[in-house]
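Structure, as structure tokens:
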Amino acid sequence: MENNTQFDFLAIGDITTDAFIRIKEASVHCDLDRHNCQLCMNFADKIPYEFVEVVKSVGNSPNAAVSASRLGLRSALAANVGDDQNGTDCVDALKDNNVSKEFMKVNAGKKTNYHYVLWYEDERTILVKHEAYDYSLPESLKNAPQGPRWIYLSSMGENSFDFHTEIGDYLKKHPETKLAFQPGTYQMKFGKEKLAHIYQETDIFFCNVEEAQRILELPNAEPLELLQKMFAIGPKLVVITDGPKGAYAYENVTTPGTPIA
């Protein structure tokens, strides 16, 4: 590690550039309970948009790394970029926010992730494409005498499953390192059984109500049941957000499974 100093916060997960496209000629169609909504535009037509705003170096993990740095923590990101201008711009944006690039990997001949965000009214629909990178922990991290105080793990591509085994093994060897886990799309698709070793190493778990229902395969479960079931598969503290209703947390404080907030 840089100067052989322990990082406070290491985020692991994909980095991307988001192009926000503000559209105005569209409509939203939903079920009566506002679920299963669809964004609709005229097919085979020219759809006007208001503007495009491009934001470099974003994604769950980069956002967390930047936030940690702005809070005064010694922060780093472990992610993959391609050897293109987009990748250079993403790394430069990290440096501008005092996030260490020590664990960033530049992949020759590959592109850097680029997503398109269809922004309509107060919601967004994201068109995503995760490039197929060779995921692995950086040698400098594995060879360091001590691990970071916290690892934040989030969204990666569909070919990242084996990488999670490597992360789980690393955490077992480094009890000084705590894990915050906020699963992305493919991590949820892998299933709680295949990622059991990650859930069991997790100190703080984050997701929203719909994601918890998907992970636990309980589509109609209420927040309290979701908290209890998620707590049972391993995380020491479970946090589930519920949009404008706020958030719920569940932790073993004095009585096992005591609900808080």
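Rounded to the nearest Hz, the phi-derived 3J(HN,Hα) couplings of the range 191-208 under the Karplus curve 6.51 cos²θ - 1.76 cosθ + 1.60 (θ = phi - 60°) are x, 5, 6, 5, 9, 4, 5, 6, 4, 6, 8, 7, 8, 10, 10, 10, 6, 9, where x marks glycine and proline.
Taking every DSSP beta bridge with both residues inside the range 65-148, roughly what % is antiparallel (nearest 5)? Can you show the working numbers first?
Working: 5 of 9 bridges.
Once the DSSP bridges in the range 65-148 are tallied, antiparallel ones form about 55 percent.
Just the protein heavy atoms count here, and of the accessible area of the chain at 1.4 Å, carbon and sulfur take up 50 percent. To make sure I understand the rule: partners must be lysines, Cα under 26 Å from the Cα of LYS95, and not fewer than 8 residues away in the same chain. Which ones qualify? Partners within reach: LYS56, LYS105, LYS110, LYS111, LYS129, LYS142, LYS178.
As a test, work out the antiparallel percent of DSSP beta bridges whose residues both lie in the chain, rounded to the nearest 5. Kindly include the intermediate steps, with their values, before the conclusion.
On the way: 23 of 52 bridges.
Beta bridges within the chain, antiparallel portion: roughly 45 percent.
Nearest 5 percent is fine: what portion of the DSSP beta bridges confined to the range 146-261 is antiparallel? Bridges in the range 146-261 that DSSP calls antiparallel: roughly 40 percent.
Taking Cβ separations below 4.7 Å as the criterion for a possible disulfide partner, the isolated cysteines in the chain are CYS40, CYS90, CYS207. Take every Cα-Cα distance within the range 155-232, group them into 10 Å bins from 0 onward, and report for each bin the whole-number percent of pairs it holds. Binned Cα distances yield the sequence 18, 52, 26, 4.
Order 159-167, 214-222 from most to least packed using the mean count of other Cβ atoms within 10 Å.
Values: 159-167: 16.2, 214-222: 13.3.
Per-residue Cβ counts within 10 Å, averaged per peptide and sorted highest first, yield 159-167, 214-222.
Sorting the segments 143-152, 74-83 by their mean number of nearby beta carbons within 10 angstrom, highest to lowest, gives 74-83, 143-152. Across all directions, the shadow cast by the convex hull of the range 7-151 built on its C-alpha atoms averages 11.4 square nanometres. Taking a quarter of the surface of the Cα convex hull of the range 99-204 gives a mean projected area of 8.3 nm². Ranking ALA93, ALA68, ASN80 by Cα position along the charge dipole of the range 32-102, where only Lys, Arg, Asp and Glu carry charges on their C-beta atoms, puts ALA68 farthest toward the positive end.
Rounded to two decimals, the Cα radius of gyration of the chain over 2.2 N^0.38 Å is 1.07.
The values are calculated or read from the model by the stated rules, or taken from the named source; none is laboratory data. Quantities reported herein were computed from a predicted structural model and do not represent experimental measurements. No Cβ is skipped: glycine too gets one built from the backbone with ideal geometry, and neighbour counts run over all protein chains shown. Protein only, heavy atoms only, side chains kept; ligands, DNA and RNA dropped before computing areas. Shrake-Rupley method; radii C 1.70, N 1.55, O 1.52, S 1.80 Å.
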